[in-house]
Structure formats: C-alpha cells, structure tokens
Amino acid sequence: MSCAELEPLRTLAFGGISATYATVGTASTHPTRLICFSNDTQGNVVFSRDPTIAAGEVFVPAGSFKLFDIQSNLNVNKEDSFVFRKGTQWYVKQLAAPVSGAVYIEMIY
C-alpha cells in the first residue's frame, strides 16, 4: 500500500518577486497529484511552469491561494498519469508590487 507524501515547501519572499519571473524553490522530485499556490503578499501574482508565457498560467490574488486536486476523480488503480511531471519547475512574477510576505507552493505526491 502506498500513501501520500509531501514535497518540501517551496517559497519566495516578496523581495525576490518582481515584474520578471523568478524561480520558486527547486524543481519537483516526484509527480505532483495535488498542488497549492499561496500568495501571502499584498500584490497579485502569476505562477507559470514556463517563464516565456507573459500572461502566466495560474493567477493568485493578493492574500489568497489556489488549490488544485488534480487526481481527485481518477481511479489510481487504472489511471495514474494525470499529474504534473517530476522535475517541474515553477516561477512567479508580480502583477502589483508586494511590500511584505511571500509566496508558497505545496505539493503532494
């Protein structure tokens, strides 16, 4: 029997967040089944796996979070491929400048 495990928390303090993408921690070491993007700053941010996507992929308003339970409706005994791949690196950039706080990414595999 296998059980859920957590990857180490990824974080980036407000001083590292600018109008250009910055990496948030390290790339994932396992396929990700559940992911939570938290924005504990006063500025809106976008996260992306690709720093060339100007608009970003995940918008997270100031002081909020987005939670994606990617495999919630799949039968893991029959289908286990709907995940973010091992080695996925996440980036963040500001839409409005934060003055305190940080962003966080939590991953479950």
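The values are calculated or read from the model by the stated rules, or taken from the named source; none is laboratory data. None of the values given here were measured: they were computed from a predicted structure. Note: ideal-geometry Cβ built from the backbone for every residue, glycine included; neighbour counts use all protein chains shown.
Can we say Gly56 is closer than 24 Å to Phe82 by Cβ, surrounded by 15 or more Cβ atoms within 10 Å (Cβ to Cβ) and of a type outside the set (D, E, K, R)?
It is true that Gly56 is closer than 24 Å to Phe82 by Cβ, surrounded by 15 or more Cβ atoms within 10 Å (Cβ to Cβ) and of a type outside the set (D, E, K, R).
Does at least one position in region 32-48 carry a residue that is under 13 Å from the mean Cα position of the chain (by Cα), free of Cβ contacts under 8 Å to residues at least 24 places away in the same chain and either in a strand (DSSP E or B) or within 26 Å of Cys3 (Cβ to Cβ) (or both)?
The answer is no, given that none of the residues of region 32-48 is under 13 Å from the mean Cα position of the chain (by Cα), free of Cβ contacts under 8 Å to residues at least 24 places away in the same chain and either in a strand (DSSP E or B) or within 26 Å of Cys3 (Cβ to Cβ) (or both).
Residues in region 98-109: is at least one loosely packed, with under 14 Cβ neighbours inside 10 Å, without any contact (Cβ under 8 Å) to a residue 24 or more places away in the chain and either not hydrophobic (A, V, I, L, M, F, W, C) or not in a strand (DSSP E or B) (or both)?
There is no residue in region 98-109 that is loosely packed, with under 14 Cβ neighbours inside 10 Å, without any contact (Cβ under 8 Å) to a residue 24 or more places away in the chain and either not hydrophobic (A, V, I, L, M, F, W, C) or not in a strand (DSSP E or B) (or both).
For region 75-103: of the residues being under 16 Å from Ile35 (Cα atoms), at pLDDT below 95 and not charged (D, E, K, R), which is farthest from the chain's Cα centre (by Cα)?
Among them, the one singled out is Ser81.
If I ask for residues that are within 15 Å of Tyr104 (Cβ to Cβ) and β-branched (Val, Ile, Thr), which ones from region 14-28 would you list?
Those that are within 15 Å of Tyr104 (Cβ to Cβ) and β-branched (Val, Ile, Thr): Ile17, Thr23, Val24, Thr26.
Can you confirm whether Thr11 is surrounded by fewer than 16 Cβ atoms within 10 Å (Cβ to Cβ), part of a strand (DSSP E or B) and either of a type outside the set (D, E, K, R) or under 14 Å from the mean Cα position of the chain (by Cα) (or both)?
Values: surrounded by fewer than 16 Cβ atoms within 10 Å (Cβ to Cβ): yes; part of a strand (DSSP E or B): yes; either of a type outside the set (D, E, K, R) or under 14 Å from the mean Cα position of the chain (by Cα) (or both): yes.
Here the answer is yes, as Thr11 does meet what is asked.
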